[in-house]
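S.K.: Okay, handing you the structure first.
Rule-based calculations on the coordinates, nothing more; no lab input. None of these values were measured; they are calculated from a predicted model. Here the Cβ is made from the backbone with ideal geometry for all residues, glycine too, and neighbour counts use every protein chain on show.
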Amino acid sequence: MSDELSQELGVLRVVFSDRFHAYVDYQTTETDPIARERDMIQLFSLAFVKTLFLLGENKQAPMLMQYVQAAMGDTVTPKGLIRPAIMAPNQGLLEKLPEKAETSAVIHLLQDDEVRKVEMEMPLGEEGHFYPATDIFFLQHLIRTLNDASLFFLMLVLGGVMEYLEKIGKTNDIKALSAAPAYGFSTAMRYIDGERQKMSNEETN
């Protein structure tokens, strides 16, 4: 569980009724809708990078990266923002908590001084399945539920995370646990600030 010195900002649960069906639920005391969605985006970026780190040399790590990249391409398209079904045909995101759960994953978003981090309680064994499956179900939940602006911001953040992992750091580098998500957020903010500046310049011309 979380350290006594850390403040829990939110907790995500992915409850599996079986290997291929799960219910996703996020709980927080944050009442502002935009702040809540930004927290969920940060939680996903931190959890995604930590999952890759935990998978280590497991072949599921590059497969998970490819899966997320494909989901990004299906979401931000030449025709605009789309909310795709990113899971396999035999997978399903449940609408309500299953009566009988096979297992569950719990991810805590923590504030530790000036740093945010995650603690993950993942099912023991079968890491090659439930670790990436947890992230995939979480991402599908975000694609379905975030508002358009937040969903686009999530894609920008993940684009920055991918750039970091491909060009700057490695998935098995402990520094990446904080550096990759931070790079993702700064990349997203630079893009948004640049677009705002363009609009401001067009309005003044």
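S.K.: If you take the residues of segment 151-205 that are in contact with a strand residue (DSSP E or B) (Cβ under 8 Å, 6 or more places away or on another chain) and not aliphatic (A, V, I, L, M), which of them is surrounded by the most Cβ atoms within 10 Å (Cβ to Cβ)?
M.R.: It comes out as F152.
S.K.: Here is a further query. Looking at segment 98-118, which of the residues that are within 11 Å of F16 (Cβ to Cβ) and in a loop (DSSP other than H, G, I, E, B) is farthest from the chain's Cα centre (by Cα)?
M.R.: The initial filter retains those residues of segment 98-118 that are within 11 Å of F16 (Cβ to Cβ), namely 98, 100-105.
Filter once more, keeping what is in a loop (DSSP other than H, G, I, E, B): 98, 100-102.
Numbers: P98: 23, K100: 26, A101: 23, E102: 23 Å.
The qualifying residue farthest from the chain's Cα centre (by Cα) is K100.
S.K.: Here is a follow-up. Quick check: anything in segment 187-204 small (G, A, S) and in contact (Cβ under 8 Å) with a residue 60 or more places away in the chain?
M.R.: No; the residues of segment 187-204 include none that is small (G, A, S) and in contact (Cβ under 8 Å) with a residue 60 or more places away in the chain.
S.K.: If you don't mind, another one. Any residue in segment 98-119 that's in contact (Cβ under 8 Å) with a residue 24 or more places away in the chain and surrounded by 15 or more Cβ atoms within 10 Å (Cβ to Cβ): show its pairings with residues that are part of a loop (DSSP other than H, G, I, E, B) and not small (G, A, S) at Cβ separation under 8 Å, as long as the two are six or more apart or on different chains.
M.R.: T103/P123; S104/P123; A105/M122; A105/P123; H108/M1; L110/D3; E119/M1
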